[in-house]
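Here is the structure we will look at, set down as structure tokens.
The values are calculated or read from the model by the stated rules, or taken from the named source; none is laboratory data. Keep in mind it's a predicted model, so treat the numbers as computed, not measured. Quick reminder, even Gly has a Cβ in these numbers, built from the backbone with ideal geometry, and neighbours come from all protein chains shown. Only protein heavy atoms, including side chains, enter the accessible area calculation; ligands, DNA and RNA are left aside. Shrake-Rupley method; radii C 1.70, N 1.55, O 1.52, S 1.80 Å.
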Amino acid sequence: MATFKDFRNNIKPNWCPGCGDFSIQAAIQRAAANVGLEPESLAVISGIGCSGRISGYINAYGLHGIHGRALPIAQGVKLANRDLTVIASGGDGDGFAIGMGHTVHAIRRNINITYIVMDNQIYGLTKGQTSPRSGEGFKTKSTPEGAVETTLSPLEIAIASGATFVAQSFSSDIKQLTSLIEQGIQHEGFSLINVFSPCVTFNKVNTYDWFKEHIINLDTVPDYDPANRAMAMGKLMETGSMITGLIYQNREKKSYENLIHGFKAEPLAHQPLNLEKNEFDNLVAEFV
Ligand SMILES: Cc1ncc(C[n+]2csc(CCOP(=O)(O)OP(=O)(O)O)c2C)c(N)n1
Ligand code: SF4
């Protein structure tokens, strides 16, 4: 049986020392081992951003896609090979700015994949512009007078869009994060896990200390019930989405793959190609 070490490779991440993304990488590796996956049964598909590099740092199938498009690729991978556990990941810019249309539709489609957003509330790779998750008044090169647009609340949008699993964590709380990733992988359907992941280089407002001061762990909220959709929405609105833990889970709804008619029992990846070798090579050549 694989341990978390089997999900490591020899590529050294080029994230800045102290970046929150390191702990998310470790939590994915631990969760994958804890739920009994092997490197060859996991695919990690990422977008573009500092966070998007994560697919290269995990020993599994991986694809570093294009900005905002991790989810279309991840859904395609899952539909073609349902035997794989598929994790999509990327930054808050990737998923909640350019990729927001895909995020909402992936949520309502409810294909059985786990989406981990590394939310540093800024664009890191492009050296510090305001993202939809940045707070109002946030000053960056793109908003020198301070951001005037309303901060996006993607978890409220997710629940309103029919999400069946919504969770949030903090990269410093690796125990909670690992457990939520395990639960997300085991959930039947689309699981969204937003992770506060401080950008120590460009975001001097939403620091580790700032998150520690503002986060409310749902374990400390008496009688919180993640099966109650209205309660989940209410808590997000009441706290400005600063809660961590399992926020909402609908265990009743079946995933897309289990509802759609005409799906062959055998995944596409295992069906005969019915192509000659040269036809296959020509097809592949078109894409490389
Ligand atoms: C289509 C397209 N538009 C814009 C860019 C430039 N770009 C690369 S990463 C990025 C945003 C990075 O922020 P985020 O997704 O939050 O990830 P982070 O770097 O903070 O982890 C942008 C705008 C791009 N690569 N492709
Ligand atoms: S720029 Fe920010 S998000 Fe990117 S690696 Fe450095 S600390 Fe992490």
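Brief remarks on what is shown
- Condition met for residue 134 (modelled with pLDDT of 95 or more, of a type in the set (Gly, Ala, Ser), over 17 Å from the mean Cα position of the chain (by Cα) and crowded, with 24+ Cβ neighbours inside 10 Å): yes
- Of the candidates 220, 207, the single residue that is open to solvent by less than 70 Å² (accessible area, probe 1.4 Å) and not aromatic (Phe, Trp, Tyr) is 207.
- Any hit, region 174-185, residues being farther than 26 Å from residue 231 by Cβ and of a type outside the set (Lys, Arg): yes
- Selection of region 7-25 for residues being part of a helix (DSSP H, G or I) and either within 16 Å of ligand 1 (Cβ to nearest atom) or hydroxyl-bearing (Ser, Thr, Tyr) (or both) yields 21, 22, 23, 24, 25.
- Flag if residue 109 is more than 16 Å from ligand 2 (Cβ to nearest atom) and in contact with a Phe, Trp or Tyr (Cβ under 7 Å, 6 or more places away or on another chain): yes
- Residue 23 within 16 Å of ligand 2 (Cβ to nearest atom) and either free of Cβ contacts under 8 Å to residues at least 12 places away in the same chain or under 13 Å from the mean Cα position of the chain (by Cα) (or both): no
- Residue match in region 56-73 (condition: of a type outside the set (Val, Ile, Thr), touching a helix residue (DSSP H, G or I) at 6+ places or on another chain (Cβ under 9 Å), part of a helix (DSSP H, G or I) and surrounded by fewer than 20 Cβ atoms within 10 Å (Cβ to Cβ)): yes
- Qualifying residue in region 83-92 (condition: under 24 Å from residue 267 (Cα atoms), over 13 Å from the mean Cα position of the chain (by Cα) and not β-branched (Val, Ile, Thr)): yes
Residue-by-condition table, conditions (1) within 24 Å of residue 54 (Cα to Cα); (2) within 16 Å of ligand 2 (Cβ to nearest atom); (3) open to solvent by less than 30 Å² (accessible area, probe 1.4 Å):
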{"position": "123", "(1), (2), (3)": "yes, yes, no"}
{"position": "126", "(1), (2), (3)": "yes, yes, no"}
{"position": "139", "(1), (2), (3)": "no, no, no"}
{"position": "146", "(1), (2), (3)": "no, no, yes"}
{"position": "164", "(1), (2), (3)": "no, no, yes"}
{"position": "169", "(1), (2), (3)": "yes, no, yes"}
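- Matching entry among 36, 18 (being within 16 Å of ligand 2 (Cβ to nearest atom), touching a residue at least 24 places away in the same chain (Cβ under 8 Å) and open to solvent by 20 Å² or more (accessible area, probe 1.4 Å)): 18
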